[in-house]
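For reference, the structure discussed in these notes is given below.
The values are calculated or read from the model by the stated rules, or taken from the named source; none is laboratory data. What you are looking at is a predicted structure, and each value in this text was computed from that prediction instead of being measured. Note: ideal-geometry Cβ built from the backbone for every residue, glycine included; neighbour counts use all protein chains shown.
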Amino acid sequence: MTRKSLRWLVPFLILGCSYAAFSAITSSSEEGKNLRAAKAPPTVTVSKVQSGDHNVVITGHGEIVPVEVTRLSAQVSGEVISWHPNFVVGGIVKRGEVLFTLESENYQAAVLQAEANVASARAALIEEQAQANVAQKQAKRLPKSQVTELYLRKPQLLSAEAKVKSSLADLKRARRDLENCNIVAPYDALVVSRELGVGQFVSAGTNVATLNNIESGEIHIPIAGFDSAFIPDDFIGREAKITLQGVLAIERIGRLERDLGVVDSNTRMTNIIVSLSDPYSMKSDETPIKFGSYVEVQFIGKKLKHIYRLPQEIVNNKKVWVVNQDNILEPRIVNVLRAEKDFMLINEGLRDNDQVVLTVPDYPQEGLQVEVAKPDLSKEQ
C-alpha cells in the first residue's frame, strides 16, 4: 500500500473509532440508568389500623308471602243475588265488607217461625208454672204420702222450661243463618280467585273464593351455617330492613318473628321468619310491596369486639402485608371471622397502629424494602 493510500484511510479510521467510543459511552450510560431504576424500592400506600367493636350485619333474601290464606265458603246454601265490586281477582277488600249476598227470604221466614215457637214455649211455661203453684197450695191439705213430684207437676215444669231453652236455641240458629246470607271479609284481603256469579246457587261449605290476608306478610330468610353463629339469642322482635330493588328502591321495616326450628335437608340451612306489617299499605302512605316480591333483608347480629375491618382485595389467602418502622415488608397471617360486602372482619394477626399495605407490589417478598407514599396535601385542602 502506498503512502498516498494511507493518507486517505486515516480520516476514516479516526471517524470510525470516534463513533465506536461514543456508542460505548451511550450504552454504558443507559445501562447505568436502568440499573439504578431497577434498584429503586417500590412505592406503596399504607393505612394505620385500629381495632374496634363491630355489629355484624346479616343479609338474606327471600320472597314475601301471605301469613294466612283462606278458602272462602258460605255457611248456608242459597242463590247469589249480589257481590261487592272489588270482589274480583286482584281486587282488595277490607275487613268486614260484604263480599256477596245470598237470597234470604227462606231464612227470614225461619226466624219468624223460631220467634213464634219461643213465644209458644214461654206461654206453655207460664201455664205450667200456674198449675204447679195451684198444686203446691192444694198439697198443704193432703197427707205427705200423697204429695209426689208428679202431683206438684215438677216434671211438667222442667219439660216446659226445656222447651223454652230449645226454642231459644232454634231462634239463635235461625238468626245466625240469616246473618250468614251476607258473606263478609274476615280481614283486609287480596282476592286470589272467585268462582261464583249472580244467580248461581251456592251450597254450604262449597269453596267459592280464595283470599290472601294483606294485614301482614312474612319472608322466609335462609341462613347459612357461617351466618347462624352470629345471630343473637334474643333476636325475636328485632328490626329488619326490607329492600325491594328496582329503578326506585323501596325500603320498609319489618321484625324478626321466629326460627322455623329445623334445618333444610337439601341446603343444610335454617330459616328465620321476618314479618312485615301492612305490606299493601292499606293503613299508611308507604309504597306497597306485593306478595311474590323478592326482597333483601338486613338485620343486626352479634356485637364483635376488637375487630379490624380491611378491604377484601388486600387479604389474600388469609395473609396481609404490613410495613414496619424500617419500611420493610412483613407478611401477617390473619384470622378472618367473616366477609361483609367489600370488607373482611379480622380478629387475630394484627396489632393497633400496624401499617397495612393498601397497594401491594406485584411480587411482594418478606424483607423487601419499600417506600411509603406521602399523602398529597393538596387534595386534603
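Going through segment 224-243 one residue at a time, which ones are part of a loop (DSSP other than H, G, I, E, B), free of Cβ contacts under 8 Å to residues at least 60 places away in the same chain and among the charged types (D, E, K, R)?
Asp233, Asp234
When residues of segment 330-370 are filtered for being in contact with a helix residue (DSSP H, G or I) (Cβ under 8 Å, 6 or more places away or on another chain), surrounded by 15 or more Cβ atoms within 10 Å (Cβ to Cβ) and part of a loop (DSSP other than H, G, I, E, B), how many remain?
Residues of segment 330-370 that are in contact with a helix residue (DSSP H, G or I) (Cβ under 8 Å, 6 or more places away or on another chain), as a first pass: 338-339, 342-344, 356-358, 360.
Among the residues that remain, those that are also surrounded by 15 or more Cβ atoms within 10 Å (Cβ to Cβ) are: 338, 343-344, 356-358, 360.
Then drop every residue that is not part of a loop (DSSP other than H, G, I, E, B), which leaves 358, 360.
Residues that pass the stated criteria total 2.
Need the failing condition index for Pro279 against (1) touching a residue at least 60 places away in the same chain (Cβ under 8 Å); (2) on the phi > 0 side of the Ramachandran plot, just the number.
(2)
Filter segment 268-303 down to residues that are assigned to a loop (DSSP other than H, G, I, E, B) and among the basic types (Lys, Arg) and give me whichever is nearest to Ile231 (Cα to Cα).
Arg268
Hey, Val247 hits all of (1) under 19 Å from the mean Cα position of the chain (by Cα); (2) free of Cβ contacts under 8 Å to residues at least 24 places away in the same chain but one; which does it fall short on?
The failed condition is (1).
Of Ile183, Ile221, which residue is more than 13 Å from the chain's Cα centre (by Cα) and outside the structural domain of Asn117 (by TED's automatic domain parsing)?
The match here is Ile183.
Every residue, every condition in (1) hydroxyl-bearing (Ser, Thr, Tyr); (2) within 30 Å of Gln298 (Cα to Cα), yes or no:
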{"position": "Pro331", "(1), (2)": "no, no"}
{"position": "Asn335", "(1), (2)": "no, yes"}
{"position": "Glu340", "(1), (2)": "no, yes"}
{"position": "Ile346", "(1), (2)": "no, yes"}
{"position": "Arg351", "(1), (2)": "no, no"}
{"position": "Thr359", "(1), (2)": "yes, no"}
{"position": "Asp362", "(1), (2)": "no, no"}
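Could you please tell me which pairs satisfy a Cβ distance under 8 Å, a separation of 6+ or placement on different chains, a first residue in segment 156-172 that is without any contact (Cβ under 8 Å) to a residue 40 or more places away in the chain and within 17 Å of Gln131 (Cβ to Cβ), and a second residue that is polar (S, T, N, Q) and in a helix (DSSP H, G or I)?
Note: pairs meeting the criteria are Gln156/Gln131; Leu157/Gln129; Ala160/Gln129.
Report yes if Arg7 is part of a helix (DSSP H, G or I), within 30 Å of Tyr363 (Cβ to Cβ) and either assigned by TED's automatic domain parsing to the domain that holds Glu239 or at pLDDT below 60 (or both), otherwise no.
Working: part of a helix (DSSP H, G or I): yes; within 30 Å of Tyr363 (Cβ to Cβ): no; either assigned by TED's automatic domain parsing to the domain that holds Glu239 or at pLDDT below 60 (or both): yes.
In short, no.
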